[in-house]
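Values in this text are rule-based calculations from the coordinates and carry no lab data. The shown structure was predicted, so the numbers you read here are calculated from the model rather than taken from an experiment. Note that each Cβ is placed from the backbone with ideal geometry, even for glycine, and that neighbours are counted across all protein chains shown.
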Amino acid sequence: MSEWLVLTLAMAAACAVVLTIVVINHRRIPEDDDPSETPDVIEYMTMMIGVIYAIVLGLAIAGVWEARGAAQETVRQEAQAMHEISARAEVYPVDVRTRIRADVDAYVAYVVDEEWTYMSENGELSEEGTALLEKVRRSVTDYQPANDFEGQAYQPLVDQVAAADDARGARGQSAGATMPGVVWFGLIIGALVTVGLIFTLQIRRTGREVLLAGLFSVLIAFLLFLIWDFDAPFGRGISATATPFTDLFPQVTG
């Protein structure tokens, strides 16, 4: 099911539930009821709970957005390191640099074409990708420089392999959901409490009040969906992309 369809259904369901409760509650209110009799303390508590929940929502959105940005940065670092390995191998003999570049291209092609999908489905890195990176490492470290010029390029190449490995590890740690379950529990309970408290203000079935109640519930549903969509940096619609790899290795990724 499309994520945008899920969003639409969630927003529609939240709005329908709230409006249904408004209609049912309105039928139970006696004709002589005075909505101005709502105690001031209830209005104050409703306002404070709404403000606190808004702060929590803002922090949650900022947290998952920062996690997504960090995940995208690890992809950039990994792609740049692999590009440096391919470029710095120029000082090696033809057969050596050809082998290194072929291993780099094989790794990049696998990451873009297969491992990206594997991460989104399983929330972790694949063993095949790890093996391909190890093959790149062996191609770089097993060669013995034949002169000082090659020797000067050897250590930077090894360092770039280590940087790629480190970035890959960080990418693997970001592959799954970043928001703890207890936080989701608090967000959902907070949403129910916040939406539920609007009924303590004796909402009438006027067009303006019904519209505002519906829009408020839709907004809460949308913000929760936004947090959920950002929560898995590599697994959902608004996720980190493999663009750094495709930009640096267009000949491999097409």
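Here are a few things to note about the model shown:
- Förster-model FRET efficiency, 35 Å R0, residue 12 and residue 247, C-beta, rounded to 0.05: 0.35
- Placing unit charges on the Cβ atoms of the charged side chains and taking the dipole of region 72-177 about its Cα centre, the candidate lying farthest along the positive direction among 123, 81, 151 is 151.
- Per-peptide average of other Cβ atoms within 10 Å, ordering 132-139, 87-94, 47-54 highest first: 132-139, 87-94, 47-54
- Net charge of Cβ neighbours under 12 Å - reference residue 251; Lys, Arg +1; Asp, Glu -1: -1
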